[in-house]
Amino acid sequence: MIRVNDNFQELPSVYLFTQISRILSKYKEEKGVLPLIRMDIGDIPGPLPKSVARAMKEAVDQLSKPESFKGYGPEQGYSFLREVIAQKDYRERNLPIDSSEIFISDGAKCDLGNLGDILSQDSVIGVMDPSYPAYIDDNVIDGRAGSLIDGRYNRVNYFKCVAEKNFSPELPQSKVDIIYLCSPNNPTGTVMSHQELEKWVDYAKKNNSLIIFDSAYEAYIRTPGLPKSIYEIAGAKEVAIEVRSFSKTGGFTGVRCGYTIVPKEIVGYYKDGTPVTLNALWSRRQTTKFNGASYVAQCGAAALYTENGRREVKEMTDQYLENALELRKMFEESGWKVFGAMDSPYVWAENPYGLSSTETFQKLLETCGVSTTPGSGFGREGEGFIRLTGFNSRENTQLAISRFLKGFKEL
Ligand code: MLT
């Protein structure tokens, strides 16, 4: 008898975005009323920035010649990329991150799940509600979440985020060992201020907790003074891991590359009290289970830090922000309560008709041919909301807006 991981029985049978994609395949097969416009998963319409495509082609040329071929690379990532990240994303912003604290990955989603390998199975986890569903699902698989009772896992601490408080997470009343924070938050698009993050760093220090800070959307922050990195908060290097991605900044959703900062200051303990740095543990984990992101992807990522690359990232993120803002304006003018879009590609909108999230999702799909993500898929506090993305062409965004304006009359 092959015994399997029992924890899978505690998972919803399908991952949120897989479920949506199945519904959309059916819609396409049945030739729904209108050609589908996708505003559900945060995928990039492309193409890759020119500087990235050029660098990747050059990398392929190098790999095609015996004198410049490369086989296995360093599991932690090539130093040319780790150095440029340390310099441009951190040291130029007066944040003392060393390249040895940077680990190149094949994307934020993978690292967010894999980090569980270096943490105790007994740890109590806490997540924002609503939040990116992978945080909980990863921990269900690892056995940290407990059982699903009335739609909630009994070993997970849910940090309530409500509209009245701009979806800012409430500090837990009891001890949480691993805290997942995301800012700008996926799905609400809201951003935590310095003051708010300070409260969490303070909590983590007092309770010996670890913060896993997902900052995949930091490139969308435009409001001056909002923190882009948790390391802008004094003392965060002792308690926080930061996870970033090139998916939404460089169009890498298909290329796959990101990075994770594991500061050397964070110390964990074995059961017998022996201390170990999380940086050493993560390095040990990566050298065992990962052979590094592809050389071609890493060359592409490095190109995002050149003058041209930076300009292209700014242009691309500006366009998605503009789309999100237009969507926000249209929803607001139509009487919906809306969050996000200011410093984030996500628009988080509550329907004024008293429909549930899934009803709204279904109706907008059927009447407008636009797919959104039901807010309840991100947690109980997301009920009543839908999430839309600005990741589209201008034309598709305008088309979706004109369809919504007609479709709302039928809701
Ligand atoms: C989302 O739509 O929430 C994201 O695109 C999912 C992801 O980054 O994995």
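Each value in this text was obtained by applying a stated rule to the coordinates, not by laboratory testing. As the structure is a prediction and not an experimental result, all values here were calculated from the model. Neighbour counts are summed over all protein chains in view; Cβ atoms, including those assigned to glycine, are modelled from backbone coordinates with ideal geometry.
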Q | Zone of E265's modelled label, taken as backbone nitrogen in region 52-93 under 17 Å from a point 7 Å along Cα→Cβ | A | 90-93
Q. Given the C-alpha centroids of region 361-400 and region 171-206, what is the distance between them in whole angstrom?
A. 26 Å
Q. So how far apart, in nm, are the two label points at V14 and Q173 if each is 7 Å from Cα heading toward Cβ?
A. 3.7 nm
Q: Give the order of T260, T288, T253, T389 when sorted by the count of other beta carbons within 10 angstrom, beginning with the fewest.
A: T288, T253, T260, T389
Q: Give, rounded to the nearest 20 debye, the magnitude of the charge dipole that region 235-285 has about its Cα centre when Lys and Arg contribute +1 at Cβ and Asp and Glu contribute -1 at Cβ.
A: 240 debye
Q.
If you average the C-alpha positions of region 27-103 and of region 261-328 separately, how far apart do those two centres end up, in angstrom?
A. 10 Å
Q.
Against the empirical 2.2 N^0.38 Å scaling, what ratio does the C-alpha Rg of region 275-410 come to?
A. 1.40
Q: For E333 and M1, compute 0.36 nm times the residue count separating them, minus their Cα-Cα distance, and round to one decimal in nm.
A: 113.5 nm
Q) For Y72 and T288 in one chain, what is 0.36 nm times their gap in residues minus the Cα-Cα distance, to one decimal in nm? A) 76.4 nm
Q.
Rounded, prolate or oblate, given the Cα gyration tensor of region 291-331, with a/c below 1.5 counting as rounded?
A. oblate
**Q.** Cα-Cα over 31 Å, subset of K28/K228; K31/K160; K264/K337; K31/K409
**A.** K28/K228; K31/K160; K264/K337
**Q.** Cut-off 13 Å between beta-carbons: net charge of the residues surrounding N351, Lys and Arg +1, Asp and Glu -1
**A.** -2
Q. Across 10 Å bins from 0, what is the distribution of all Cα-Cα pair distances for region 257-323, in whole percents?
A. 16, 29, 26, 20, 8, 1
Q.
Students often forget the sequence filter, so: which lysines lie under 16 Å Cα-Cα from K57 once same-chain residues fewer than 8 apart are removed?
A. K65, K70
**Q.** Test item: Cα-centred dipole of region 255-364, Lys/Arg +1 and Asp/Glu -1 on Cβ, debye
**A.** 680 debye
Q | FRET efficiency, I149 to E307 (Cβ-Cβ, R0 56 Å, nearest 0.05) | A | 0.55
Q. Which one of Q62, A293, A216 is farthest out on the positive end of the charge dipole of the chain, using unit charges on Cβ (Lys, Arg +1; Asp, Glu -1) and the Cα centre as origin?
A. Q62
Q: Given the options Y27, Y135, Y78, state which has the largest fluctuation in a GNM of the chain using a 10 Å cut-off (strictly under) for Cα springs.
A: Y27
Q: At q = 0.16, 0.18, 0.33 Å⁻¹, work out log10 I(q)/I(0) for region 199-243 with the Debye formula, treating every Cα as an identical point scatterer and leaving solvent out; two decimals please.
A: -0.43, -0.53, -1.20
Q) What is the diffusion coefficient of region 24-110 in µm²/s, taking the Kirkwood radius over Cα pairs and the Stokes-Einstein relation at 10 °C with a viscosity of 1.306 mPa s? A) 93 µm²/s
**Q.** Net charge dipole size for the chain [Lys, Arg +1 and Asp, Glu -1 on Cβ; Debye, nearest 20]
**A.** 520 debye
(Q) Within region 86-101, name every residue whose backbone N is under 19 Å away from a label modeled 7 Å from Cα of A280 along the Cβ vector. (A) 98-101
Q: Starting from the coordinates of the alpha-carbon atoms of region 52-196, obtain the Kirkwood hydrodynamic radius over all distinct pairs and give the value in Å to one decimal.
A: 18.4 Å
Q: Determine the shape class of region 351-410: with a ≥ b ≥ c the square roots of the Cα gyration tensor eigenvalues, call it rounded for a/c under 1.5, and otherwise prolate if a/b is greater than b/c, oblate otherwise.
A: oblate
Q: Check each of the chymotrypsin sites (Phe, Trp or Tyr not before Pro) in region 244-339 and keep only those in coil by DSSP with at most 13 other C-beta atoms within 10 angstrom; list them in order.
A: Y270
Q | Kirkwood-type radius of region 192-326, with distances r between different C-alpha atoms, in Å | A | 16.9 Å
Q: Using a 10 angstrom cutoff on alpha carbons, build the Gaussian network for the chain and name the most mobile of R222, R144, R387.
A: R222
Q: Using a/c under 1.5 as the rounded threshold, could you call region 125-277 rounded, prolate or oblate? The axes a ≥ b ≥ c are square roots of the C-alpha gyration tensor eigenvalues, and prolate needs a/b larger than b/c, oblate otherwise.
A: rounded
Q | Label-point separation in nm, L63 to R93, each point 7 Å along Cα→Cβ | A | 3.0 nm
Q) Roughly how compact is the chain, stated as its Cα Rg over 2.2 N^0.38 Å to two decimals? A) 0.99
